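Note sheet for the following structure.
Derivation of every value follows stated rules applied to the coordinates shown; laboratory data play no part. Since this is a predicted model, take the numbers as computed values, not measurements. Using ideal geometry, Cβ is built from the backbone for each residue, glycine included, and neighbour counts are taken over all protein chains shown.
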Amino acid sequence: MMIRAFAIVVALIGVALSQTPPAAAPEQPLGPSGRIQARFAPPARISKFDAEPNSIQPGQSFLLIWATENPAGITITPDIGTVAARGTRKLTPKATTTYTITVHGPKDSVVTKAITVTVAGTVPITAESAAGVNKELPRMADGKPDLSGVYNLPPRATDVPPELKPGAGKFKVVRGPRDAGLYADCMPTGVPQTYFVPYQWQIVQGRDKVVILHEYLHLFRVIPTDGSPHPVDPDPTWMGDSIGHWEGDTLVVDTIGFNDKTELPGGFRHTEALRVVERFHRVDFDHLQWEATIEDPNVFTKPWTISRTFPLRGDLEKVDEYVCENNRDYKDLFDK
């Protein structure tokens, strides 16, 4: 019963995030990581923050290790940024550096701790000099931007609704009082709706392909970027058939071959003629700009575009396991 109830909660959260304008702030305060702070919670604490070893030669690496308790948000400076409650990071500083962990706790409490790693024969990096250095945009061996990383759900936004063709009103989703919502049946979400589920997703970039992994339902897409064409007559699938190419520093992904069983953002159905063209551009180290142009000549008068900027989850190295154990109709629950 808990799993079924959770599926309903996921459905309601997903619909709210993807289809409604920004709402008023929740009563409970949000910490920097987005977690809700408990009204009565024990204070945050740094139980471990060490460097092994703390003295190295130029070109050598060390292991930064940390562990915290009851955090609402954690950052490590310089260069590292937001991290998880516990973790390790292999680092190779060019000069003697002082690392500082800052832990935000309940009721706006903050605790910090610093540790210095000495690099022999170098001038120490000060906080002022470190603050003036921006993290470089990562690039592949061929010079293309490296989009790899785990990204979070973007801030909510209000999109301009598309124009339906005359007689296409049946493609607008209208939910009745006994409808448990878009995500209640644990079926694949399709593109681009898969980006609006409240779970992170990951890009793994290779030399001739890009793989996108979504934590929710373990959905994935393998996108060739070597010039391969679409199949002449692709079998309709939930996530479609995708191919990609680069336009400068922007990855362009063209997807066709969808079935007609998924929804589009804003609450619209579509036909198998759906085509989605996405553009991925890493504007800086911590942000990925995404744009999707949606076209279905059977439903809409013209193509329409939505866009978001996804923040990088520097505290995550990969998406986690997710299981949605439900394939039943919830209508009977509303009748009780």
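Sort SER61, SER148 so the one with the fewest other Cβ atoms within 10 Å of its own Cβ comes first.
Taking fewest neighbouring Cβ atoms as first place, the list is SER61, SER148.
Return the Rg/Rh ratio of segment 156-236 with Cα-based radii and a Kirkwood Rh.
1.04
With labels modelled as points extended 7 Å from the Cα through the Cβ direction, what inter-label distance (nm, one decimal) is found for ARG279 paired with VAL123?
4.3 nm
Taking the Cβ of VAL222 as the center, what net charge do the other residues with Cβ under 13 Å away carry, scoring Lys and Arg +1 and Asp and Glu -1?
So the environment of VAL222 carries a net charge of -1.
Taking the Cα centroid of segment 242-310 and of segment 174-227, what is the distance between the two, rounded to the nearest whole Å?
12 Å
Can you bin segment 45-131 into rounded, prolate or oblate? Criterion: square roots of the alpha carbon gyration tensor eigenvalues sorted a ≥ b ≥ c, rounded for a/c under 1.5, prolate for a/b above b/c, oblate for the rest.
It is prolate, given that a/c is not under 1.5 and a/b is the larger ratio.
Tell me which trypsin sites (Lys or Arg not before Pro) from segment 135-215 have a DSSP coil assignment and no more than 16 other beta carbons within 10 Å of their own.
LYS135, ARG156, ARG175, ARG178, ARG207
Compute the distance in nm between two label points, each set 7 Å from the Cα along the Cα-to-Cβ direction, one at SER47 and one at THR112.
Rounded to a tenth, the inter-label distance reads 2.4 nm.
From the cross-link list LYS48/LYS318; LYS165/LYS302; LYS94/LYS135; LYS172/LYS261, which pairs have alpha carbons spaced over 18 Å apart?
LYS48/LYS318, as the Cα separations exceed 18 Å there.
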